[in-house]
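One structure is given here, and the rest of the page talks about it.
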Amino acid sequence: MERESYLSVFFSVFLWSEPKGGPMARRQWTVFATLSAAVVCLVAAAAQEQGTTREFKVVGSHNAFQPSTIEVHRNDLVKINFTAEDIAHSFTVDGYRISKRAGIGQSVTFEFRADQSGTFTYYCNLSQDDGCKNMKGQLVVR
């Protein structure tokens, strides 16, 4: 739910009903309503910070990655399905401590939280073929 939805539910439930009783009941109701509003706002903020799930298919073939650039937002959950088509390749990102290897024609799926902003190079760290050292791409986390 978006923050506006949480708040509209809060206002409709708590603020439209008046407590019965004297001044003590009113104070308790006010404290309860204030704390409830704070909890609703914190839950909405936490949900917003987690980002969304972003899925990508990355292919390593003929000494290149396709796509060569992956763009996500900070705190997105990034799910990558990496396939090596012609020979064994790896998908390595030092900044996230990721190194996944796929054999010829094989795929490997993995995920990570993009919790660091910046531009990170992904590359093939295998030395099976001289062209592997030229396989590079960019992970951009905004």
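For this structure, a couple of remarks:
- The number of residues in the range 114-140 that are in a strand (DSSP E or B) and either within 16 Å of Ala84 (Cβ to Cβ) or touching a residue at least 60 places away in the same chain (Cβ under 8 Å) (or both) comes to 7.
- Boolean, Phe91 is under 16 Å from the mean Cα position of the chain (by Cα) and at negative phi: no
- Phe14 vs. criteria in contact with a Phe, Trp or Tyr (Cβ under 9 Å, 6 or more places away or on another chain), at pLDDT below 60, aromatic (Phe, Trp, Tyr) and not assigned by TED's automatic domain parsing to the domain that holds Asn125: yes
- Residues in the range 95-140 that are modelled with pLDDT of 95 or more and small (Gly, Ala, Ser): Gly95, Ser99, Ala102, Gly103, Gly105, Ser107, Ala114, Ser117, Gly118, Gly137.
- From the options Ile70, Ile87, residue that is surrounded by 14 or more Cβ atoms within 10 Å (Cβ to Cβ), more than 19 Å from Gln128 (Cβ to Cβ) and modelled with pLDDT of 95 or more: Ile70
- Residue within the range 128-140 that is among the β-branched types (Val, Ile, Thr) and within 19 Å of Asn63 (Cβ to Cβ) present: no
The values are calculated or read from the model by the stated rules, or taken from the named source; none is laboratory data. Remember, predicted model here, so these are calculated numbers, not experimental data. Here Cβ is always computed from backbone atoms with ideal geometry, including for glycine, and neighbour counts include all displayed protein chains.
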